[in-house]
Amino acid sequence: MVNYYMGIDVGSVSTNIVLIDEENNLVYKRYLRTQGKPLVILQDGIREVAEELGHSNIAGVGTTGSGRYLASVLIGADVVKNEITCHAIAALDYNPETRTVLEIGGQDSKIIIIRDGIVVDFAMNTVCAAGTGSFLDRQALRLGMDISEFGNIALNSKNPVRIAGRCAVFAESDMIHKQQLGHNQEDIVSGLCNALVRNYLSNVAKGKDLQPVILFQGGVAANKGIRKAFEDQLGQKIHVPTHYDVMGAIGAAILSKEVVKDRGESRFKGFDIYKRDYRVSPIDCNGCSNICEILEIREDDKILARYGDKCGKWSL
Amino acid sequence: MIGNYIESIERGADTIVITGSCGPCRFGFYGLMQEDILRGLGYDVDIIVIDALREGHRDFIKNVRKVTKANNIFDIYRSAKLALKLIKRADNLTQKFNYTRAYAVDKDKVNGIMDDYLDKAVKVHGASELIELIDKTEGILSAVKLHKDYDPIKIGIIGEIYTIIEPFANFEVERRLGELGVLVEKSLTPTRWLEQHVINYPFGSKDENLKYKLAKPYLETPVGGHGRETIGSAIHYKNRGYDGAIQILPLNCMPEIVAKSILKNVSRDLDFPIMTLVVDEMTGEAGYVTRLEAFVDLVSKRREKRSIG
C-alpha cells in the first residue's frame with residue numbers, strides 16, 4: 001500500500017486538504033469554503049478523500065490555520081503547527097532559494113522573510129482587513145463581477161485610477177466616487193489591485209527587506225491583477241507556486257512526515273470519522289469575572305475536548 | 001484598569017491608590033479621569049493619586065500618610081518596608097512560576113499550583129498569612145519534577161509596565177510561552193519600579209540606569225511611559241544571552257509606538273529577534289497564539305542553526 005501524508009489547513013474562509021507522497025509530490029488537493037462551519041466542512045472533505053483514495057494508507061496528519069486545534073481534535077493530528085511555519089516550509093520545499101514569502105488569504109495577510117533556509121522575520125496584518133481577499137471579494141460583488149474574472153479584467157487597464165487603499169471603508173467610498181465620475185470598469189479594478197498592494201506593502205511589509213526569490217501564495221495569488229501590481233510596485237519578479245492556494249496544508253503535511261518518522265506511528269483516527277456525529281456546544285462559565293466562553297466538542301456521547309477557558313478548570 | 005478597581009471594590013477595597021506623573025505620557029491624567037468614571041458608576045471610594053517625589057515633597061508625604069494611616073515617620077517607614085517585602089516576595093514567586101513552567105515535565109501541574117495560589121491569595125488576611133502562603137507555594141513549586149539538562153529558549157517581555165504585568169491585558173503571555181517550554185522574564189515588575197523610583201530616589205536603581213545607558217545610542221531623552229526602558233531592556237536581554245524579546249504594545253500608546261520603530265534598528269544592529277504584539281480590546285486569541293508560536297519556532301530554528309554552523 002502506498003503511504004500518503006495529509007495536510008489540513010482550516011482557515012477563516014477556506015478549508016484545504018492535501019495529500020502528499022514520500023517525495024512531497026501533491027497527489028490530492030481539495031479547496032473547500034469553511035462557511036463558518038469548520039467541523040461539518042472538514043467531515044465532508046474527509047469523506048471526499050475517503051471516496052477517492054480510501055484504499056491508501058495515511059501515514060501522518062498535520063493541521064494548521066486558525067482552526068488547527070479543532071481539526072486536530074477531530075482527526076487525530078500528529079503535528080499542529082502555526083500558519084507562518086507551515087507556509088515557510090512549503091515555500092522552501094517549492095524553491096529552496098526563497099527569501100521572501102507574500103501570503104494573502106481570506107482574512108489575513110502575512111509576510112515571511114527567509115534567509116539561508118530559515119525564517120528570520122515575519123509579520124501579519126493586525127486589526128485591519130483592507131489588504132486581504134475578503135476586501136476584493138466584496139468589491140467584486142459591488143462591481144457585479146465574478147472574483148475569478150477580477151484579475152483578468154484588471155490586466156486590460158491602461159490607466160488605473162488611484163483609489164485610497166488605507167482603509168476598506170474609505171476605499172469603497174472612493175471607488176464609488178470614481179465610478180460616478182465615469183471611469184472604465186477595468187481601470188477601477190486595476191486601481192483596486194494597486195490599492196490593495198500598496199496597503200499590504202505599507203502595513204504588513206513595512207520596514208522589511210524584500211529580497212528575491214519572492215513567492216506569492218494564498219488564495220489571492222490567483223489574481224493576476226494583484227500579481228502584476230506587486231511586480232510593478234516592487235520592480236521584482238513574483239513567483240506563484242503551482243499549488244499556491246494550499247501551501248499551508250502542504251507545509252503541515254511535510255511536517256507530519258518528519259514527526260511520524262521520529263515517533264514511528266501516526267495518531268490518525270481513520271477515514272471513518274466522517275460517519276460519526278460531532279457536536280459543539282458552547283458553555284458560558286460564570287465562575288469568575290473573566291466569563292470565558294468554553295467550547296465543548298462531543299463525538300457521539302464522548303466529550304472529546306473543551307477549550308476556551310483561561311483557568312483550565314474545564315480542561316479534560 | 002477600571003476593571004481591576006471594580007474587582008477590588010467588590011471584594012471590599014475602600015481606597016484606591018494610583019501613582020501620577022507629569023511626564024510626557026498621558027498617564028498623569030489617568031487618576032483624575034478614573035476617579036470621575038468610578039464616581040459616575042456610583043462607586044464611593046477614596047482615590048489617592050501619589051505623584052512622583054520630584055513633583056512635590058509635601059503632597060507626597062500627605063498622601064502617603066493618608067494611605068498608611070500612620071502618624072509618625074517611623075510608622076510610615078514600617079508600613080513601607082512591609083509593603084515592599086510583600087511586593088518583592090510576590091514578584092519573585094511569579095518569576096519562580098515562569099522558571100518552573102519552562103523546565104517542568106508537566107506544565108499543567110504548574111498552572112494548577114498557580115491558580116490555587118492566586119485563588120488563596122485573595123482570601124488570606126494580613127501580611128503574615130500572605131507570606132505564609134507564598135512560603136508554602138514556593139515549597140510546592142520546588143517539588144515539581146523538572147527536565148534535567150534542558151536548555152530552554154529564553155525570551156524577555158518588554159514594554160509598558162501595566163500591560164506586561166497584567167495577564168488579562170497581555171493574554172497571559174508568560175503562561176503561554178512557558179507552556180511552549182520557554183523561559184520568560186519581564187523587563188519591569190512592581191519591585192523594579194519601586195527600586196527605581198522610590199527606594200533609590202533620586203538616583204535610580206543600577207539595573208534601570210543601565211537600561212537608560214544602553215538605550216542612549218538610539219534614544220537620548222525620555223519619551224514618556226516606558227519607551228526608553230523598552231529599548232534599553234531589549235539590548236539588556238541581548239547582552240544577557242537571551243534568544244529574543246517580545247514587545248507588548250497597547251494599541252495607541254505613544255511611547256511604545258516610538259519604541260517600536262526604534263526596536264527595528266536595534267533588532268537589525270544586534271541581530272536579535274524582536275517581535276511586537278499589539279494588544280487592544282479584541283479578545284480573539286487565535287492570531288495572537290499564532291504569532292507567539294511562530295516566533296518561538298523562529299527563535300529555536302535560529303539557535304539550532306547557530307549550534308550547527
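Taken together, the values in this text are just the output of simple stated rules run on the coordinates, not laboratory data. Small disclaimer: the values here were computed from a predicted structure and weren't measured. Reconstructed Cβ throughout: ideal geometry from the backbone, glycine too, with neighbour counts over all protein chains shown.
Only four residue types carry charge here, +1 at the Cβ of Lys and Arg and -1 at the Cβ of Asp and Glu. Report the dipole size of chain A about the Cα centre in Debye, rounded to the nearest 20. Could the numbers behind the result be given before it?
Details: 36 positive and 39 negative charges, 137 e Å.
Around 660 debye, computed over chain A.
Neighbour counting of Cβ atoms within 10 Å sorts the residues A:HIS177, B:HIS125, A:HIS183, fewest neighbours leading, into B:HIS125, A:HIS177, A:HIS183.
Could you work out [θ]222 nm for the protein assembly as shown from helices alone, using -39500 (n - 2.57) per DSSP H run of at least four and dividing by all its residues? Round to the nearest 500 deg cm²/dmol.
-15000 deg cm²/dmol
Each of B:SER79, B:ALA143, B:ILE113 was scored by the projection of its Cα onto the charge dipole of the stretch B:73-148, and the greatest displacement toward the positive side belongs to B:ALA143; charges sit on the C-beta of Lys, Arg, Asp and Glu.
So which trypsin sites (Lys or Arg not before Pro) in the stretch B:164-251 pass both tests, a DSSP loop state and at most 13 other Cβ atoms within 10 Å of the Cβ? The partial results should precede the final answer.
Details: sites: B:ARG175, B:ARG176, B:LYS186, B:ARG192, B:LYS206, B:LYS211, B:LYS213, B:ARG228, B:LYS238, B:ARG240; in loops: B:ARG240.
Those satisfying the criteria are B:ARG240.
Other protein chain C-beta atoms within 10 Å of residue C-beta, averaged over A:116-123: 5.
Using 0.36 nm times the number of residues separating A:MET145 and A:GLU51, minus their current alpha carbon distance, what extension gain do you get?
Details: separation 94, 0.36 × 94 = 33.84 nm, distance 3.43 nm.
Going from the current span to full extension adds 30.4 nm.
Under the Kirkwood approximation for Rh and a Cα-based Rg, what ratio Rg/Rh is obtained for the protein assembly as shown? So for the protein assembly as shown, dividing Rg by the Kirkwood Rh gives 1.00. Modelled this way, with points 7 Å down the Cα-to-C-beta line, the labels at A:ILE303 and B:LYS301 are 3.8 nm from one another. In plain terms, the residue of A:ILE214, A:ILE153, B:ILE164 with the fewest other Cβ atoms within 10 Å comes first and the most crowded comes last, giving A:ILE214, A:ILE153, B:ILE164.
Given R0 = 35 Å, the distance between the Cβ atoms of B:ILE6 and A:LYS206 translates into a calculated FRET efficiency of 0.40.
Mean partner shielding of peptide B:292-305, defined as the number of other chain Cβ atoms within 10 Å of each residue Cβ, is 4. In this simple spin-label model, placing a label point 7 Å from the Cα along the Cα-to-Cβ direction at both A:GLN236 and B:LEU82 gives a separation of 6.3 nm.
Taking the Cβ-Cβ separation of B:LEU130 and A:GLN35 as r and a Förster radius of 45 Å, what is the calculated FRET efficiency to the nearest 0.05?
Working: r = 52 Å, r/R0 = 1.16.
The pair B:LEU130/A:GLN35 has a calculated efficiency of 0.30.
Ordering A:CYS292, B:CYS253, A:CYS167, A:CYS86 from the fewest to the most neighbouring beta carbons within 10 Å gives A:CYS167, A:CYS292, B:CYS253, A:CYS86. With a Förster radius of 41 Å, plug the Cβ-Cβ distance of B:VAL17 and B:LYS148 into 1/(1 + (r/R0)^6) and report the FRET value to the nearest 0.05. Efficiency for this residue pair is about 0.40.
Residues whose amide H comes within less than 5 Å of that of B:LEU249, counting only those at least five positions distant or on another chain, are B:LEU277, B:VAL278, B:VAL279 (H built at 1.01 Å from N in the peptide plane). Measuring against 28 Å, Cα to Cα, the residue pairs A:LYS313/B:LYS81; A:LYS37/B:LYS186; A:LYS110/B:LYS109; B:LYS66/B:LYS211; A:LYS29/A:LYS269 contain A:LYS313/B:LYS81; A:LYS37/B:LYS186; A:LYS110/B:LYS109; B:LYS66/B:LYS211 as the ones spanning a longer distance.
When chain A is treated as a GNM with alpha-carbon contacts under 10 Å, the residue of A:LEU102, A:LEU32, A:LEU295 showing the greatest mean-square fluctuation is A:LEU295. Packing-based ranking of A:69-78, B:196-205 yields A:69-78, B:196-205, ordered from highest to lowest mean Cβ neighbour count within 10 Å.
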